[in-house]
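Have a look at the structure below before the remarks.
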Amino acid sequence: MIYFDYNATAPVMREAREAWLDITEKTGGNPSSMHQAGTRAAHVLAEAREKLAAFLGCHPADIIWTSGATEANNMVTHHFSKTLGATDEIWISAIEHPCVHDSAKYYFGKRAKLIPVTHDGVVDLEWITMEMADKRPGLVGVMAANNETGVIQPWREIHSICQAYEVPFFTDAVQFIGKMPLKGLGEVDYISGAAHKFGGPRGVGFLKIPHRKTVTPLLHGGKQERGFRAGTENVAIIAAMMAALEVREKQISHSQHLLRGVWRDNFERELLRALPGTTILGANVPRLWNTVSALMPEGDRKHQWVIRLDKAGLAVSTGSACTTGKEEPSHVLAAMGIKAEKAVRVVRFSGGWETTEADWDALVKGVAKVHEEMHQGKAHAAA
Ligand code: PLP
């Protein structure tokens, strides 16, 4: 099986597995306990916090460990629902992950306004500039890179606009961290991340909050994480998360991703050659080097591609993992102006750091073969 679904979850790195085992074996204490075993666990947590702060470029005390990005993102929308006025709006992009979109709608209803995106899937900067001159929201939330299309959002520019108007800015950096250089990210007020998108274990992530600020807890109980997130920290998976990020940061600093971007580009060229009529979404704008979102020329139901390619030994996806199985078209594609009947033909191929040039080559061959089968199937049905 060749794996092209890194944006759903990436394979757990050897370094992360080893770190998990090592800490589990050697550091059994509760980090809140006063004895030596507890102090050792607290030390591991402190070291992990310092490492992450150094990668992001923020203060270690600004980091709160969470069970993943869904929790981190819910913490942000929940916090603002408790601290903003009853008529205040928040603005989030129309392509946010459901955990941002749905929690914003849950807490704010119609006061959660959607920032439109262009046909290429980029948040409309002009819209933000125009609206902001008129009215100030209590929070702006725009993801750093989209999980379905890989399109990188102009988060630096949006952050500058927000700073000029003194509006807090929040970015879900789940798909960006571990794939792109993080320069400047730590200056953003609220940042969420999840280990399983960069080679760490599932079920762990973090929220970065502004320096010396508080956040309203979602979970009440113990005084862990400065009282912002109750519950004993899972020391071993936090250490494993940081082991994975350390590897990724080193690889990115050696520009390893640039060559992988070339392989992805070659794949796209070959795909367009093999399947005329295919459209690459976001082809004209900056995208993550690992992601291809393709509107295929064939396929009635989008799942047909996934199932057929799976049988051929290729794991791909239709969009975000969270919407898999649902029949309605992706809200991301709808926001890009792609009609429901076309959206069912969109397939996402997301490779990663372990994907080789030969894997991309095998993918294009596999896709061409499945396309031929589908075409023949249709011809038979019509005969
Ligand atoms: N945000 C984005 C952009 C994602 O891609 C995902 C996962 O698919 C999440 C948030 C949710 O992260 P987690 O699985 O850690 O809850």
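Binning the C-alpha pair distances of the stretch 99-141 at 10 Å intervals from 0 yields a P(r) profile of 25, 50, 25 %, listed from the shortest bin outward.
Heavy-atom accessible surface of D22, to the nearest 10 Å², is about 60 Å², with a 1.4 Å probe and all protein chains retained. How tilted is helix 302-311 with respect to the longest principal axis of the chain? Cα atoms for both, answer in degrees (0 to 90, nearest 10). Roughly 90 degrees between the two axes. For the set K113/K179; K183/K250; K179/K339; K179/K369; K342/K365; K82/K213, the pairs lying more than 19 angstrom apart at their alpha carbons are K113/K179; K179/K339; K179/K369; K342/K365. Computed from point charges on the beta carbon alone (+1 for Lys and Arg, -1 for Asp and Glu), the dipole magnitude for the chain about its Cα centre is near 380 Debye.
When the solvent-accessible area of the chain is split by element, carbon and sulfur atoms take up 54 percent of it, the probe being 1.4 Å. Considering only the Cα atoms of the chain, their convex hull presents on average a projected area of 19.4 nm². Per residue, the stretch 1-137 exposes an accessible area of 48 Å² to a 1.4 Å probe, with every protein chain left in place. Based on the convex hull around the alpha carbon atoms, the stretch 1-145 presents an average projected area of 12.9 nm². Taking the helices alone, the chain has a mean residue ellipticity at 222 nm of -13500 deg cm²/dmol, built from -39,500 (n - 2.57) per DSSP H run of at least 4 residues and averaged over all its residues.
Projecting the Cα positions of T149, L125, G178 onto the charge dipole of the stretch 124-249 (unit charges on Cβ atoms of Lys, Arg, Asp and Glu, taken about the Cα centre) puts G178 furthest along the positive direction.
Per residue, the stretch 196-320 exposes 42 Å² of accessible surface when a 1.4 Å probe is rolled over the protein heavy atoms with every protein chain present. Annotation: extensible slack from R226 through K365 equals 44.8 nm (criterion: 0.36 nm per residue apart, minus Cα-Cα distance).
The values are calculated or read from the model by the stated rules, or taken from the named source; none is laboratory data. Quick caveat: nothing in here was measured; it's all calculated off a predicted structure. Every residue, glycine as well, gets a Cβ built from its backbone with ideal geometry; the counts of neighbours run over all protein chains shown. These area figures cover heavy atoms from the full protein model, side chains too; ligands, DNA and RNA do not enter into them. Shrake-Rupley method; radii C 1.70, N 1.55, O 1.52, S 1.80 Å.
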